[in-house]
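These notes concern the structure reproduced below.
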Amino acid sequence: MPALSRRLALALPLAALALPGASRAEAWPAHALRLVVPYPAGGPTDVVARALAAKMGEGLGQTIVVDNKPGGAGNIGSDIAAKAAPDGYTLVMAGSGSLAISATMYKKLPYDPVKDFIPIALGAKIPFVLVVNPSLPVHTPAELVTYAKANPGKLSFGSGGPGSPHHLYAELLKSMTGIEMTHIPYKGSAPALTDVIAGHVPLMFSDTVPSLPQIKEGRVRALGVSTAIRLPSAPDIPPIAEGGVPGFDAAGWGVFSVPAGTPQEVVSKLQTALDAVVALPAVQAQIIQLGMIPASRASPAELQRFIDGEIARWGKVVQQAGLAGTE
């Protein structure tokens, strides 16, 4: 066999071995993607995730299958995503609970909120409303602070459970104003709101979806929204920061992330696709309708700085509340 023929005969099998990998890299996404949602189906976060996944799938030319993995305050689903292959076919819509609050509340997490994920896009911010029973003689956050200081030990607040946003936002309010309130935890926010309406508990930070109808009906009174900006779906409710507690700004959030180690070119394609979807007027309208605030575009590096800041911020609140390492 001539020397050239021998070289070609040896080279062809090597080229054949190299082609499949090259083909896969160029063809991404070659099959359906999975979006892990660490919350139950039908909730606000799940609805937003599904809406964005459907539109993003259209842009990528592949189906994105939503996989609900609730439990453990979002930690179970986040752990599943963290341990998935970093090939661009698994995403997670992780929230402030599993990425920020759990970092201090839990003695040990099965994943690292910072090192095990690459954040791609912020899906939405989730504000809460500070509501009181109408019998409580306060109409603004400033009046609440004055009342609490004049009646030490008299006020209590409901929550969806220890370490929930309803709980920690009240703890933040306490630390910023110096007031004292007793925490009454419930198994979920719905029974807590029911008891505020009934007058068994005077106040709570409530999710917007269940509380806004009650506010309109006069069953509870809104003192303010937790975010620094007004809620698009209820612009008549001022921010707590405008009502007597300057600097108060708190919101839940959901960040689309992929496992650490996902190729940069895939991360860039996913970010471009997600940014395009989040900017769609129809998607923004749906987010607003759910009582949330559409997110602005941010790079993965900016998102990581945001998450780092949230871990530090809520870590202090968790420690002040005596919850550090309690789970």
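The values are calculated or read from the model by the stated rules, or taken from the named source; none is laboratory data. Because the structure is a prediction, the values reported are computed rather than measured. Here Cβ is always computed from backbone atoms with ideal geometry, including for glycine, and neighbour counts include all displayed protein chains. Just so you know, the surface numbers come from the protein's heavy atoms only, side chains and all, with ligands and any DNA or RNA stripped out. Shrake-Rupley method; radii C 1.70, N 1.55, O 1.52, S 1.80 Å.
Placing pseudo-labels 7 Å out from each Cα toward the beta carbon at residue 32 and residue 249 gives an inter-label distance of 4.1 nm. Listed here are the pairs 55/269; 83/316; 69/269; 108/316; which of them are more than 23 Å apart at the Cα? Correct reply: 83/316; 69/269. For residue 203, neighbours were defined as the other residues whose beta-carbon sits under 11 Å from its Cβ, and their charges (Lys and Arg +1, Asp and Glu -1) total 0. Label-to-label distance, residue 62 versus residue 327, with points set 7 angstrom from Cα along the beta-carbon direction: 3.1 nm. Fully extending the segment from residue 236 to residue 276 would add 11.4 nm, taking 0.36 nm per residue of separation and subtracting the current Cα-Cα distance.
The dipole here belongs to the chain: it is taken about the Cα centre, uses +1 on the Cβ of Lys and Arg and -1 on the Cβ of Asp and Glu, and is about 420 debye.
Since only 170, 63, 224 are under comparison, the one whose Cα sits farthest along the positive direction of the charge dipole of the chain, derived from C-beta charges on Lys, Arg, Asp and Glu, is 63.
DSSP beta bridges fully contained in the chain are about 60 percent antiparallel. Proximity of backbone amide H atoms, modeled 1.01 Å from N, is registered between residue 123 and 254, 255, 256 at under 5 Å, excluding neighbours fewer than 5 places apart on the same chain. Surface calculation, 1.4 Å probe, protein heavy atoms: residue 200 sits at approximately 130 Å² accessible.
With r as the distance between the Cβ atoms of residue 194 and residue 143 and R0 = 25 Å, compute the FRET efficiency 1/(1 + (r/R0)^6) and round to 0.05. Efficiency, from the Cβ-Cβ distance: 0.55. Determine how large the accessible area of residue 236 is when every protein chain is in place; take a 1.4 Å probe and give Å² rounded to the nearest 10. Answer for residue 236: close to 120 Å² accessible.
Computed with a 1.4 Å probe over protein heavy atoms only, the accessible surface of the chain comes to 45 Å² per residue.
Would you rank 302, 171, 242 by solvent-accessible area, highest first, keeping every protein chain in place and using a 1.4 Å probe? Show your work: numbers first, answer last.
Numbers: 302 90, 171 25, 242 120 Å².
Listed by decreasing accessible area, they come as 242, 302, 171.
Protein-only accessible surface at a 1.4 angstrom probe places the residues 221, 305, 313 in the order 305, 313, 221, largest first.
Couplings 3J(HN,Hα) of segment 283-295, computed from phi: 5, 4, 5, 5, 4, 5, 4, 7, x, 10, 10, x, 8 Hz, in residue order, whole Hz [Karplus 6.51 cos²θ - 1.76 cosθ + 1.60, θ = phi - 60°; x for Gly and Pro].
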